[in-house]
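The values are calculated or read from the model by the stated rules, or taken from the named source; none is laboratory data. No experiment lies behind these values; they were computed from the predicted model shown. Cβ placement follows ideal geometry from the backbone for every residue including glycine, while neighbour counts extend to all protein chains displayed. For the accessible areas, the whole protein counts, side chains as well, though only heavy atoms, and no ligand, DNA or RNA atoms are used. Shrake-Rupley method; radii C 1.70, N 1.55, O 1.52, S 1.80 Å.
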Amino acid sequence: MNNIRIIKPGLLTTVQDNGRRGYQQFGVTVAGAMDNFSFRFANLLVGNHENQAVLEVTFLGPEIEFDCNEVIAITGADMNPKLNKESIEMWTTISVKKGDRLSLSNAVSGLRSYIAFSRGIDIPEIMGSRSTYLRGKLGGFKGRKLESGDELPLGERILNSTGSYI
């Protein structure tokens, strides 16, 4: 199984995509990523559709362990990302290996960072979205912010006819 394990959750780390639309009349907000540009750009860097679910990290970042090889991108606020305690670049693709640990510290500039995974976060859609709506305890991972010990499933990478991952 392809998972990521949350070692430390950070201040407020949630699963977000572009949100759920068309349910406001029923009291369900759109939710979704707060920084639409950074969210979409992170996905494009790893070859995903721009609306694929990502981790949205607010002010103080998490520590994550990978249970599989993966390609990630981190965009948005600079939270001094490190892979196995070594500084890594933002706004680019990063290859990680099974057992690697990614950590983000406090925001140096900005407020929210986005972590995209080439496999995508494989959680169910609710009302057409994987976004976490905290007040309604809906969507995302169990309708809440991430906690230590949580394991999020990642999808399978599939090659299309042109040799690119879909």
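Some notes on this structure:
- The 1.4 Å probe gives accessible areas that order MET34, MET90, MET127, largest first, as MET34, MET127, MET90.
- Gyration tensor (alpha-carbon) shape descriptor, segment 94-137, a/c threshold 1.5: oblate
- Unit charges on C-beta of K, R, D, E only; dipole of the chain, Debye: 380
- Overall shape: prolate for segment 52-150, with the ratio a/c of the largest to smallest alpha carbon gyration tensor axis at 1.5 or above and a/b above b/c.
- The chain, accessible surface, carbon-and-sulfur percent (1.4 angstrom probe): 51
- The residue list VAL96, GLY19, ALA42 was ranked by how far each Cα lies along the charge dipole of segment 1-111 toward its positive end, using unit charges on Cβ atoms, and GLY19 comes out on top.
- Average accessible surface area per residue within the chain, 1.4 Å rolling probe, Å²: 50
- Checking the cross-link pairs LYS82/LYS145; LYS97/LYS145; LYS8/LYS137; LYS85/LYS142; LYS98/LYS145 against a 27 Å limit on the alpha carbon distance flags LYS85/LYS142 as lying beyond it.
- Largest first, the residues GLU63, GLU56, GLU125, GLU156 sort by 1.4 Å accessible area into GLU156, GLU125, GLU63, GLU56.
- Of ALA107, ALA53, ALA116, the one that fluctuates the most in a GNM where the chain has Cα springs shorter than 10 Å: ALA107
- Correct option for percent of Cα pairs over 20 Å apart [calculated from the coordinates] among [x] 57; [y] 49; [z] 46: [z]
- The phi-based Karplus calculation (6.51 cos²θ - 1.76 cosθ + 1.60; θ = phi - 60°) puts the 3J(HN,Hα) values of segment 84-90 at 6, 6, 9, 4, 10, 7, 9 Hz, whole numbers, x for Gly and Pro.
- Straightening the chain between SER95 and LYS8 buys 29.2 nm, computed as 0.36 nm per residue apart minus the Cα-Cα spacing.
- Charging the Cβ of each Asp and Glu at -1 and of each Lys and Arg at +1, and nothing else, the dipole of segment 71-112 about its Cα centre rounds to 200 debye.
- For the pair THR29 and ILE88, a Förster radius of 25 Å applied to the C-beta separation gives a FRET efficiency near 0.15, rounded to the nearest 0.05.
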